[in-house]
Amino acid sequence: MQFKVRGPTSNIIDVGYGVSQILPILVQILNHSIRKGTEPEYEDMSYFLLQQPEVHLHPKAQAEFSSLLAKMAKQGNCSFIIETHSDNMIDRARIDIMKGNISPEDVSLIYFEPVRNIVKVHNIGFDEMANMTDVPPHYRNFFLKESKRLMGFKE
């Protein structure tokens, strides 16, 4: 199989592992979109459950994939539940909210916070400007500490 993003055409084995991992997901999602409206079984809402689809993808590809999912969800009969650790995907979803490509009511970020021997579940929402709402105090704590350390601040 050959791919061309920019520059010369390349074989799938030469473009990185991420392409071969995301390709079956893209085929399934896009096939559903194409068949929507042409076959009765594709008329109902379809749910796609994706576990870390960003693994092995370049950060730009993660962001673009997030925009594709937003576009597919906005078109109608697709919903996505995605387990991710990718700030690139989350940030792109926020950008798509800001641009009006998707409604903030259509996006929810579920954050699992381990506290001793239990896990607290937080539903983080978004407003029209893509600001996060109902953010728990410890969300992204690790990353904030790392950024402060990088800037030379003491913990």
Each label sits 7 Å from Cα toward the beta-carbon; between Glu113 and Phe142 the label points are separated, in nm, by 1.6
Sequence order, the range 70-77: Karplus ³J(HN,Hα) from phi using 6.51 cos²θ - 1.76 cosθ + 1.60, θ = phi - 60°, Hz rounded, Gly and Pro as x, gives 4, 4, 5, 5, 5, 5, x, 8
FRET efficiency for Tyr47 and Phe153 from the Cβ-Cβ distance with R0 = 41 Å, rounded to 0.05, comes out at 0.40
Per the rule of 0.36 nm per residue minus the C-alpha distance, extending Lys120 to Asp87 adds in nm 9.8 nm
Within the range 81-152, DSSP-loop GluC sites (Glu not before Pro) with at most 14 other C-beta atoms within 10 Å are Glu128
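Can you list which of the trypsin sites (Lys or Arg not before Pro) found in the range 74-153 are DSSP loop residues with at most 12 other C-beta atoms within 10 Å?
Here the sparse-neighbourhood loop sites are Lys99, Arg116.
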Expressed in nanometres to one decimal, the distance between label points 7 Å along Cα→Cβ at His56 and Thr133 is 3.9
When Met89, Met72, Met98 are ranked with the fewest other C-beta atoms within 10 Å first, the list becomes Met98, Met72, Met89
Compactness check, the range 109-155: C-alpha Rg relative to the 2.2 N^0.38 Å globular estimate gives 1.40
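Values quoted throughout were computed directly from the atomic coordinates according to the rules given, and no laboratory measurement underlies them. Here the structure is a predicted model, which is why all the values come from computation and not from measurement. Positions of Cβ are generated from backbone atoms using ideal geometry, with glycine treated the same way; all protein chains shown enter the neighbour counts.
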